[in-house]
Amino acid sequence: MGELIGALPWIFGGFVLILALAVLKKPVKWLGKVAARTGVGLAVLLLLSKVGGFIGVTLGVNLFNALVMGVLGAPGFGLLLMLNWVLH
């Protein structure tokens, strides 16, 4: 009986963890998608920084720009270019 009482917190913790994962499944999945798309946006910004001087397009390689490109996609790239043009 003592072993069951000793294991009870672990069993309860396991149930709480399973319940939390079930409740947070969509937000975690969405966050993973945003992180992956932000990584792709960062890669595009890095590529653009290497080639951008030749075509006259320069954007800063930072997390904010990568996040905008990751969330908005191609329209986000256009938005960043327009902001860069307006602010400079």
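Leaving out ligands, DNA and RNA, and with a 1.4 Å probe, what % of the accessible surface on the chain is carbon or sulfur?
Looking at the chain in its full context, I get 79 percent from C and S.
Under 18 Å from a label point 7 Å along Cα→Cβ of Leu63: give me every residue in segment 26-54 with its amide N that close.
31-46
For the chain, divide the Cα radius of gyration by the Kirkwood radius and give the resulting Rg/Rh value with two decimals.
Ratio of gyration radius to Kirkwood radius for the chain: 1.39.
Okay, helix-only estimate at 222 nm for the chain: each DSSP H run of n ≥ 4 adds -39500 (n - 2.57), divide by all residues, round to 500 deg cm²/dmol; what do you get?
-30000 deg cm²/dmol
At 7 Å along the Cα-to-beta-carbon direction for both Ser49 and Leu72, put a label point, then send me their distance in nm to one decimal.
The answer from the label model is 2.0 nm.
So how far, in whole Å, is the C-alpha centre of segment 63-88 from the one of segment 4-61?
The distance from the Cα centre of segment 63-88 to that of segment 4-61 comes to 20 Å.
If each of Trp10 and Leu81 carries a label point 7 Å out from its Cα toward its Cβ, how far apart are those two points in nm?
With each label placed 7 Å out from Cα toward Cβ, I get 5.9 nm.
Give the accessible surface of the chain per residue, rounded to a whole number of Å², with probe radius 1.4 Å and ligands, DNA and RNA excluded.
The answer is 81 Å² per residue.
If you count only protein heavy atoms and use a 1.4 Å probe, how large is the accessible surface of Met82, to the nearest 10 Å²?
120
The values are calculated or read from the model by the stated rules, or taken from the named source; none is laboratory data. None of the values given here were measured: they were computed from a predicted structure. Cβ: placed from backbone, ideal geometry, glycine included. Neighbour counts: every protein chain shown. In case anyone asks, the SASA skips ligands and DNA or RNA and just uses the protein heavy atoms, side chains included. Shrake-Rupley method; radii C 1.70, N 1.55, O 1.52, S 1.80 Å.
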